[in-house]
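Colleague: Sending over a structure as structure tokens; questions will come in a sec.
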Amino acid sequence: MNQDISQGQIDKLYERLDKEAEEGGYHLNPDIEFTKDLVKGLITNENRYGYWSCPCRLASGNKAEDLDIICPCDYRDPDLNDYDACYCALYVSQKVMNGEKEVAPIPERRPPLEERLKLKPVPNISSLPLPVWRCKVCGYLCARENPPEVCPVCKAKKDRFERFI
Amino acid sequence: MKIKHIEGEKNGNIMMYTLSTCVWCKKIKKYLKDLGVEYHYIDVDLLEGAEKEEVMQQMKEYTSEVSYPMLVINEKEYIIGYKPDEIKEKLGL
């Protein structure tokens, strides 16, 4: 089923993703063979479902249900923070790039379908679901468990972030 | 059902649930092949409709937290993820 994907297609998407990742302060796995295999999986899923469903998770084929696992998935950043790689290990942390940490399989963070279907309450300012972090260098704001490794706007390091809300 | 059989030395009944696009799944298939053990696998993402549902249900009988690859030994013990050391230990190799 993958036979109709050319090496040229894989290389082209790989280069695009690599460029975009680096521009945003992210890194693709430096194991190029491994990474290109995942890129091939993304193209396979695009052909099959019409979107880049995570190659390492089972897509439902229903886009609304799969939104959280469209690459880069909702779980990439917390996984990079906790495990230095996303679930597939397509994206890795700076530590991995520096050779300080090896990539290994990580547990699945995505909740089972039943839990995902539970309605989430509408957030208000007094009960924000996540802290808001501010880049002290450029003022970039983001709501997540931890600040990013590198500011996607100005490339300032994690330690330049402060808790804002 | 599209269960694939890989020949090798019999070491219990090894069934693997995998995805054709998943690189960790590819690694585990290669690992078992290199170990030379007999195993079966099914690429769940290549299934459709009732067949897909049935296989997903089979997996859920082992755990509600299903992910890939999932290796089941003798329809009893299961290992989720690419964990060579744990596989070797559970297979007694």
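Colleague: Binning at 5 Å from 0, report for the protein assembly as shown what percent of all alpha-carbon pair distances ends up in each bin.
Modeller: The calculated distribution, bin by bin, is 1, 5, 11, 15, 17, 16, 13, 10, 6, 3, 2, 1, 0.
Colleague: With θ set to phi - 60° and the Karplus curve 6.51 cos²θ - 1.76 cosθ + 1.60, what are the ³J(HN,Hα) couplings of segment A:104-111 in order, to the nearest whole Hz, using x for Gly and Pro?
Modeller: Working through the residues one at a time gives 9, x, 10, x, 6, 9, 5, x Hz.
Colleague: Related question: Run the numbers on segment A:7-110 and let me know its relative contact order in percent, using alpha-carbon pairs under 8 Å that are six or more apart.
Modeller: Dividing the mean separation by the residue count of segment A:7-110 yields 22 percent.
Colleague: For the protein assembly as shown, what is the mean residue ellipticity at 222 nm derived from helices alone (per DSSP H run of n ≥ 4: -39500 (n - 2.57); sum divided by total residues; nearest 500 deg cm²/dmol)?
Modeller: Computed ellipticity for the protein assembly as shown at 222 nm equals -10000 deg cm²/dmol.
Colleague: Let me ask another. Would you tell me the mean number of C-beta atoms belonging to other protein chains that fall within 10 Å of each C-beta in B:20-30, as a whole number?
Modeller: That works out to 6 on average.
Colleague: If you don't mind, there's one more thing I want to ask. Give the average, rounded to an integer, of partner chain Cβ atoms located within 10 angstrom of each Cβ in A:133-144.
Modeller: Averaged over the peptide's residues, the number is 0.
Colleague: Here is a follow-up. Under 5 Å between amide hydrogens, which residues at least 5 positions from B:VAL37 or on another chain qualify, with H placed 1.01 Å from N in the peptide plane?
Modeller: B:GLU9
Colleague: Can I ask one more? With all protein chains present, calculate the accessible area of B:LYS83 using a 1.4 Å probe and round the result to the nearest 10 Å².
Modeller: Probe radius 1.4 Å; accessible area of B:LYS83 about 90 Å².
Colleague: Can you give me the three principal axis dimensions of segment A:51-165 from its C-alpha atoms, in Å, biggest first?
Modeller: Principal-axis extents of the Cα atoms in segment A:51-165, largest first: 41, 41, 23 Å.
Colleague: Between B:LYS33 and B:GLU75, what FRET efficiency follows from the Cβ-Cβ distance if R0 is 30 Å, with the result rounded to 0.05?
Modeller: Computed FRET efficiency for B:LYS33 and B:GLU75: 0.90.
Colleague: Which values of log₁₀ I(q)/I(0), to two decimal places, follow from the Debye formula for segment B:4-90 at q = 0.12, 0.18, 0.19, 0.25 Å⁻¹ with a uniform point scatterer at every Cα?
Modeller: -0.32, -0.73, -0.82, -1.42
Colleague: Compute, for A:TRP52, the solvent-accessible surface of its heavy atoms (probe 1.4 Å) with the complete set of protein chains present, and express it in square angstrom to the nearest 10.
Modeller: 50 Å²
Colleague: Using only the alpha carbons of segment B:1-48, what is the convex hull's orientation-averaged projected area in square nanometres?
Modeller: Mean shadow area of the hull around the Cα atoms is 3.2 nm².
Colleague: Right, something else. Of the options A:LEU38, B:ILE87, A:LEU141, report the single residue whose Cα projects farthest towards the positive end of the charge dipole of the protein assembly as shown (beta-carbon charges: Lys, Arg +1; Asp, Glu -1).
Modeller: It is A:LEU141, whose Cα lies furthest towards the positive end.
Colleague: Leaving ligands, DNA and RNA out of it, rank A:HIS27, B:HIS5, B:HIS40 by accessible area with a 1.4 Å probe, largest first.
Modeller: Ranked list, largest accessible area first: B:HIS5, B:HIS40, A:HIS27.
Colleague: Accessible area of B:GLU65, 1.4 Å probe, to the nearest 10 Å²?
Modeller: Number for this one is 130 Å².
Colleague: Please compute the length gained on full extension between A:ALA64 and A:SER127, using 0.36 nm multiplied by the number of residues separating them and subtracting their Cα-Cα distance.
Modeller: 20.1 nm
Colleague: In units of 2.2 N^0.38 Å, what is the alpha-carbon radius of gyration of segment A:7-117?
Modeller: Normalised by 2.2 N^0.38 Å, the Cα Rg of segment A:7-117 equals 1.05.
Colleague: OK, next. How high is the FRET efficiency between A:LEU141 and A:ARG109 when r is their beta carbon distance and R₀ equals 25 Å, given to the nearest 0.05?
Modeller: After rounding, the FRET efficiency stands at 0.60.
Colleague: Moving on. Determine the dipole magnitude for segment A:1-131: charges of +1 sit on the beta-carbon of Lys and Arg, -1 on that of Asp and Glu, nothing else is charged, the reference point is the Cα centre, and the result goes in debye to the nearest 20.
Modeller: 400 debye
The values are calculated or read from the model by the stated rules, or taken from the named source; none is laboratory data. All figures in this text were calculated on a predicted structure; none of them were measured in a lab. Here the Cβ is made from the backbone with ideal geometry for all residues, glycine too, and neighbour counts use every protein chain on show. SASA here: full protein model, heavy atoms, side chains in, ligands and nucleic acids out. Shrake-Rupley method; radii C 1.70, N 1.55, O 1.52, S 1.80 Å.
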